[in-house]
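J.: Before anything else, here's the structure in question.
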Amino acid sequence: MDRARHVDTRGRRGALVATVAGALAAAALLAVTVAAPTPAPPPVASLLLYPPTPAPAPTSPSPSPCPTVNGFDCTWAARLATATALVDAAPGQLGVILIDRATGARFTAGATGTATWAGSTVKLGMAALVLDTSGGPDGLAPADRVDLAAMLAVSDDDAASRVWERHGGRAMLGELRARYGMSGLAISGSNGNWGAMTCTPGDLAALMVHVLDRAAPAVRDYLVDAMRHVGDIQRWGVWAAGPALAPGVKNSWLENPYGGAAHWNTSTIGFAGPAERWVVAVMYQMPAGTDGSLALGVHTVSDLVAVLLGAPTPAPVTVRPT
């Protein structure tokens with residue numbers, strides 16, 4: 001329409017001019033209408049403001065929960081498997097029990113239900129019994145105070161024999177069985193004393209759990225402290241858990257003849273970990289022969305404890321002369 005007005009202002013007159021002008025105007029309008037370009041698509045950048053929603057990525061199934069092994073979570077699996085292999089490979093009769101007092105989990109391997117010589121491990125039960133019947137550490141007679149300390153620190157046999165005689169001798173057997181759950185504890189022979197007792201690893205574990213869970217606080221504290229401060233001669237077995245776990249231990253080592261030949265026996269009972277969390281009992285009766293030695297027994301039971309509680313192996317323990 002602007003173009004039509006421009007034509008009119010050039011001074012042309014008459015109908016022809018008007019007709020031509022109208023035709024031109026119509027043609028121009030038609031040209032503008034026809035030539036109007038198709039709107040361009042929006043810039044690519046504007047499309048990115050609203051990108052298409054991607055398809056959801058495929059999801060993997062959730063991992064299965066960590067399985068437990070004998071009540072211990074799977075972080076223990078390798079330790080328990082290695083311990084089982086060690087027990088299976090050891091010559092003779094070897095049994096181990098591990099108890100987690102915090103969870104109640106319990107691991108066993110080997111001859112845990114077979115009785116063997118208790119040896120000096122029973123001194124822990126004798127000490128607990130004397131403390132209980134004396135009303136705790138403050139009630140100990142002077143002689144008992146000296147002998148209990150020697151029994152627990154360096155496993156003094158003469159001190160144990162004096163305690164045995166002062167506190168009823170064989171009558172102590174029934175008390176130990178009834179009070180501490182040591183149902184398998186027995187004396188071999190009619191004339192035997194504390195040194196002729198036999199029991200299972202389960203009996204030793206029951207004794208240790210009783211001391212930690214059910215003994216009077218003063219009795220518990222006395223025994224825990226004594227077991228943590230043993231002499232060099234007892235620094236093996238549960239001691240191999242290492243200083244970071246603050247272990248306490250009562251060990252036994254003896255060479256006993258039966259079946260016409262001498263056999264070494266090494267056993268250990270104790271605790272380790274924060275709040276004495278783990279109880280370990282190991283008993284090892286070796287066969288007669290060149291491989292059956294005190295050193296082999298000490299290192300076998302110590303390595304077994306170290307494997308279970310994550311300490312270095314071979315366990316850095318020294319066999320002291322007896």
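The values are calculated or read from the model by the stated rules, or taken from the named source; none is laboratory data. Note that this is a predicted model, so its numbers are computed, not measured. No Cβ is skipped: glycine too gets one built from the backbone with ideal geometry, and neighbour counts run over all protein chains shown. Ligands, DNA and RNA are stripped out before the accessible areas are found, and what is left, the full protein with its side chains, is counted by its heavy atoms. Shrake-Rupley method; radii C 1.70, N 1.55, O 1.52, S 1.80 Å.
J.: Just to be sure I understand, how many residues within the range 261-279 are open to solvent by less than 10 Å² (accessible area, probe 1.4 Å) and either assigned to a strand (DSSP E or B) or under 12 Å from ASP213 (Cα atoms) (or both)?
T.: Adding up the residues that qualify gives 9.
J.: While we're here: Here is a check on your reading of the model: is VAL249 in contact (Cβ under 8 Å) with a residue 60 or more places away in the chain and either open to solvent by less than 20 Å² (accessible area, probe 1.4 Å) or more than 17 Å from VAL209 (Cα to Cα) (or both)?
T.: no
J.: I've got another one for you. From TYR180, TYR222, which residue is surrounded by 22 or more Cβ atoms within 10 Å (Cβ to Cβ) and closer than 28 Å to PHE72 by Cα?
T.: TYR180
J.: With respect to the numbered conditions (1) touching a residue at least 24 places away in the same chain (Cβ under 8 Å); (2) surrounded by fewer than 22 Cβ atoms within 10 Å (Cβ to Cβ); (3) polar (S, T, N, Q); (4) within 21 Å of VAL282 (Cα to Cα), which one is the sole condition not fulfilled by ASN193?
T.: (4)
J.: Something else: It is to be established whether one or more residues within the range 200-214 are over 22 Å from ARG106 (Cβ atoms) and surrounded by 18 or more Cβ atoms within 10 Å (Cβ to Cβ).
T.: Checked against the condition, which is being over 22 Å from ARG106 (Cβ atoms) and surrounded by 18 or more Cβ atoms within 10 Å (Cβ to Cβ), the range 200-214 yields no hits at all.
J.: Out of THR108, THR103, THR114, report the one residue that is out of contact with any Lys or Arg (no Cβ under 7 Å at 6 or more places or on another chain), assigned to a strand (DSSP E or B) and surrounded by fewer than 21 Cβ atoms within 10 Å (Cβ to Cβ).
T.: Within the list THR108, THR103, THR114, the selection yields THR108.
J.: In addition: Can you find, within the range 235-246, the residue that is nearest to LEU98 (Cα to Cα) among those that are touching a Ser or Thr at 6+ places or on another chain (Cβ under 8 Å) and crowded, with 24+ Cβ neighbours inside 10 Å?
T.: Selected residue: VAL238.
J.: Okay, moving on. In the list PRO314, PRO287, PRO257, which residue meets the criterion of being free of Cβ contacts under 8 Å to residues at least 60 places away in the same chain, in a loop (DSSP other than H, G, I, E, B) and not small (Gly, Ala, Ser)?
T.: PRO314
J.: Would you confirm whether or not the range 130-137 contains a residue that is open to solvent by less than 40 Å² (accessible area, probe 1.4 Å), out of contact with any helix residue (DSSP H, G or I) (no Cβ under 6 Å at 6 or more places or on another chain) and of a type in the set (Val, Ile, Thr)?
T.: No, that holds for no residue.
J.: Does LEU131 satisfy the condition of being touching a Pro at 6+ places or on another chain (Cβ under 7 Å) and closer than 25 Å to ALA226 by Cα?
T.: Yes: the conditions hold for LEU131.
J.: If a residue must be open to solvent by 10 Å² or more (accessible area, probe 1.4 Å), part of a helix (DSSP H, G or I) and not aliphatic (A, V, I, L, M), how many such residues does the range 297-311 contain?
T.: Qualifying residue count for the region: 3.
J.: Could you grab me the full set of residues in the range 274-297 that are at pLDDT below 95 and more than 23 Å from LEU185 (Cβ to Cβ)?
T.: Once the filter is applied, which keeps residues that are at pLDDT below 95 and more than 23 Å from LEU185 (Cβ to Cβ), the range 274-297 yields PRO287, ALA288, GLY289, THR290, ASP291, GLY292, SER293, LEU294, ALA295, LEU296.
J.: Still on this model: Pull up the range 139-175, narrow it to residues that are more than 26 Å from ILE233 (Cα to Cα) and in a loop (DSSP other than H, G, I, E, B), then point me to the one that is least open to solvent (accessible area, probe 1.4 Å).
T.: It comes out as GLY169.
J.: Scan the range 72-90 and report the pairs whose first residue is more than 23 Å from GLN285 (Cβ to Cβ) and whose second residue is assigned to a loop (DSSP other than H, G, I, E, B) and open to solvent by less than 30 Å² (accessible area, probe 1.4 Å), with Cβ atoms within less than 6 Å and a gap of 6+ or a chain change.
T.: Every condition considered, the pairs that remain are PHE72/ALA105.
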